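**Q** Mind having a look at this structure? Questions to follow.
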Amino acid sequence: MVPSPSMYINRELSWLEFNQRVLEEARDASIPALERLKFLAITSSNLDEFFMVRVGGLQLLAEQDSGKRESTGMTPREQLAAISERTHSMVDAQYTCLLDDLEPILANNGIERLNPPQLDSQQREAVSRFVDDELFTILTPMLIASGGHFPLLVNHRLAVCVELVSCDGADEPDYAVIPLGQSVNRIIPLPSPQGYRYVMLEDAIRMHLDRFFPNVRILDSTVFRILRNADLSVQEDSASDLLSGMQQVLNARKRSACVRLELAANVGSTLRQFLQTALQVDSDHVYMIPGPIDLSAMMQLTGLKGFDRLRYNAWPPQPSPLVNGERSIFETVSDHVVLLCQPYETYDPVVRLVEEAADDPNVMAIKQILYRTSRNSPIVTALKRAAEKGKQVTVIVELKARFDEARNIGWAKRLEQAAVHVIYGVKGLKTHAKVCLVLRREPQGLRRYVHFGTGNYNEITSRLYSDISYMTCDELLAQDAVSFFNAVTGYSQPHEFTKIDMAPIGLRDKLLDLIESETSYARRGKSAHIMAQLNSLVDTKVINALYRASRAGVRVDLNIRGICCLRPGVPSMSENIRVVSILDRFLEHSRVFYFHDNGNECLFISSADWMPRNLLRRVELMIPVEDPNSKARLKEILQSYARDTIKGRALGPDGRYDRVHPTAEQPPHRHQEYMYECALQAAKGPV
């Protein structure tokens, strides 16, 4: 079959459908109200990143008049037009959800946002004191005289723009901007006899503009926010080193073009035209907002104390029965392989591996990749401690982890100060693999312990993201890990691996070989089955291979949380492929692959999604899981995904997702609830 544009779904529109599914969770009346508000806040932060990265990149291509077409045949301008139409509709739905649905429910339960006219005298007095005591001192208004330069505003931050005229009879209005810094909370609590009442920061400021601009006449004011293009890449060939190059990119982002302008819906035409002209924003990229701009600020409300009835029941991570808390982690992993499923099981064993390695006098060296870490990472602290104790510690810090660059630069500098050998990623690639290697001297000689994962070394997100951890001292896997680190840190081609596969060399070819093998079995009339859990499926070579497998009779079950450019269920092309997306209380983040292999059943975990960026432009790993118990567990996880009739949505050939409903043959099943029940039962031990 010759590939044609009709065979694929556009990447950007598929991502927007993913964000729509998140929004559907915010609109689901069966979910507790504060959890719904959390989903709504996530849709807002998701959309921000989409604009800063994907829309920003498309705008650059459009400005270059690039006629290059992506796999569905759309040019950059055509994609931007489709995105604009879809996102304007999505933003309308977001605010309908907030204003008409969630806020009335929250108000009935004691959490209420008040507009300035709704404040009583005590509340108005409290806001007035707050403005005088804090805001008037912290915030800095900036006047823009007629024809003056517009101030450089921080990306992603709210501001108030004011149209004013002086009292000396000037004809032309001037403008002023008050940037709202990060140091002041958006949500200002108000005195209230019961419940939680609040006013938004921008409303408090607009109530008291006369304090900031005395002796002038204010004609109009509005709240606005700009998003700048963040799709800027470090020019590694011209930068003296990657660290300084990445710092240049961070500085460039502060001045990059505005890709989205949000304005309060009641803004006057004069003020709107002034901001559009000053920021050079086309009307297609202007969004009129009928409520608080930047709904991600609402995440602050989801942690309010005293409102547990509006949240999910807690699912605290359970101890793994494979790990005895009273034994050294080295003793445990020496005895048996440890496979952990976060967040149902605690991430503590992974943290313990690094902490015990730091303090164990028998440990000689630690090698680890850090892509994203928490703000006060115990793993980073342990790595520093290990180096200070004289151990050989090598850390690959990926400076190009988007929007975590500044944090990673800070970690890298502190690690260097502790005598850690820091490698700043790999030139031309992002190092996205998740691996930690510990070398320990034992009576029988040097032994190597290795952790492979699908998620980042971040103990905070380990409670929010669904991921797999695999800890072993298998000699061949450990030797492959050594070869991998030596290749990455030495900027060299690795020796041929025994078990693992690595991107950008070999991993995609291995995937294609595995798919082709299943296709070959099916053509010979043998049973053939592929299952996979992924974040995204975009790579057309992989998609085409799956189409060939489907036509040969291979059954393909895919659970893809986000982007999917494959069209399932198309006769004579993909009728044997089923794609499900699960959105629930935890973010599905793991990558697990299954190939029937004529009954031999090959299972893998990986850091890589099936996207060109992961397979061709990142350093990624795919790890075979050969331990029988671990294989059985991973297979059951994949089968559980496919059975979900509560939170599963099935992708149709038209690119739309529909809820999967229970049937007589497929009774109610909720994957994440099932996983947690399994963790609870395992923690209790055998009955």
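**Q** Tally time: how many residues in segment 102-123 are out of contact with any helix residue (DSSP H, G or I) (no Cβ under 8 Å at 6 or more places or on another chain) and surrounded by 14 or more Cβ atoms within 10 Å (Cβ to Cβ)?
**A** Looking only at that region, the number is 4.
**Q** List the strands (runs of 3 or more DSSP E) that sit entirely inside segment 593-687 and contain at least 2 residues that are crowded, with 16+ Cβ neighbours inside 10 Å and touching a strand residue (DSSP E or B) at 6+ places or on another chain (Cβ under 9 Å).
**A** Of the strands (runs of 3 or more DSSP E) lying wholly inside segment 593-687, those with at least 2 residues that are crowded, with 16+ Cβ neighbours inside 10 Å and touching a strand residue (DSSP E or B) at 6+ places or on another chain (Cβ under 9 Å) span 602-606, 618-624, 648-651.
**Q** Mind listing whichever residues of segment 346-367 are farther than 30 Å from Ala682 by Cα and touching a strand residue (DSSP E or B) at 6+ places or on another chain (Cβ under 6 Å)?
**A** Within segment 346-367, Asn362, Val363, Met364, Ala365, Ile366, Lys367 qualify.
**Q** Now a separate question. Out of all the residues in segment 653-662, is one or more under 30 Å from Thr72 (Cα atoms), assigned by TED's automatic domain parsing to the domain that holds Ile563 and small (Gly, Ala, Ser)?
**A** yes
**Q** What strands (runs of 3 or more DSSP E) lie completely within segment 179-282 and have 2 or more residues being under 26 Å from Leu429 (Cα atoms), in contact with a Ser or Thr (Cβ under 8 Å, 6 or more places away or on another chain) and modelled with pLDDT under 95?
**A** none
**Q** Tell me yes or no: at least one residue of segment 525-532 is among the small types (Gly, Ala, Ser), under 30 Å from Pro316 (Cβ atoms) and outside any helix (DSSP H, G or I).
**A** Yes; the residues of segment 525-532 include at least one that is among the small types (Gly, Ala, Ser), under 30 Å from Pro316 (Cβ atoms) and outside any helix (DSSP H, G or I).
**Q** Here's a follow-up. Which of the residues spanning segment 583-607 are over 17 Å from Leu638 (Cβ atoms) and in contact with an Asp or Glu (Cβ under 6 Å, 6 or more places away or on another chain)?
**A** Leu583, Ser607
**Q** Could you check segment 87-134 and list, in sequence order, the residues that are more than 20 Å from Gly195 (Cβ to Cβ) and either touching a residue at least 40 places away in the same chain (Cβ under 8 Å) or of a type in the set (A, V, I, L, M, F, W, C) (or both)?
**A** Selection gives Thr87, His88, Met90, Val91, Ala93, Gln94, Tyr95, Cys97, Ser128, Val131, Asp132, Glu134.
**Q** Checking Asp584 against (1) touching a helix residue (DSSP H, G or I) at 6+ places or on another chain (Cβ under 8 Å); (2) surrounded by fewer than 17 Cβ atoms within 10 Å (Cβ to Cβ); (3) not β-branched (Val, Ile, Thr), which single condition isn't satisfied?
**A** Only one criterion in (1) touching a helix residue (DSSP H, G or I) at 6+ places or on another chain (Cβ under 8 Å); (2) surrounded by fewer than 17 Cβ atoms within 10 Å (Cβ to Cβ); (3) not β-branched (Val, Ile, Thr) is unmet by Asp584, namely (2).
**Q** Based on this model, can you work out whether Ser581 counts as outside any helix (DSSP H, G or I), out of contact with any Cys (no Cβ under 6 Å at 6 or more places or on another chain) and modelled with pLDDT of 95 or more?
**A** The answer is yes for Ser581.
**Q** From the list Val619, Val554, Val579, Val542, pick out the single residue that is in contact (Cβ under 8 Å) with a residue 24 or more places away in the chain and touching an Asp or Glu at 6+ places or on another chain (Cβ under 7 Å).
**A** Only one candidate qualifies: Val554.
**Q** On the given criteria, is Thr140 over 30 Å from Glu25 (Cβ atoms), at pLDDT below 95 and touching a strand residue (DSSP E or B) at 6+ places or on another chain (Cβ under 8 Å)?
**A** Answer is yes for this residue.
For (1) in the same structural domain as Ala608 (by TED's automatic domain parsing); (2) surrounded by 21 or more Cβ atoms within 10 Å (Cβ to Cβ); (3) of a type in the set (Phe, Trp, Tyr), each residue gets a yes or a no:
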residue	(1), (2), (3)
Ile460	no, no, no
Leu477	no, yes, no
Thr489	no, no, no
Arg508	yes, yes, no
Leu511	yes, yes, no
Glu518	yes, yes, no
Ala528	yes, yes, no
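**Q** Does Asp92 satisfy being at pLDDT 90 or above and either under 21 Å from Asp539 (Cα atoms) or of a type outside the set (S, T, N, Q) (or both)?
**A** yes
**Q** So, one more: Go through Ile560, Ile577 for me and flag whichever is under 17 Å from the mean Cα position of the chain (by Cα) and crowded, with 22+ Cβ neighbours inside 10 Å.
**A** Ile560
The values are calculated or read from the model by the stated rules, or taken from the named source; none is laboratory data. From a predicted model like this one, the values you see are computed outputs, not experimental measurements. Heads up, the Cβs are rebuilt from the backbone with ideal geometry, glycines too, and the neighbour counts pull from every protein chain shown.
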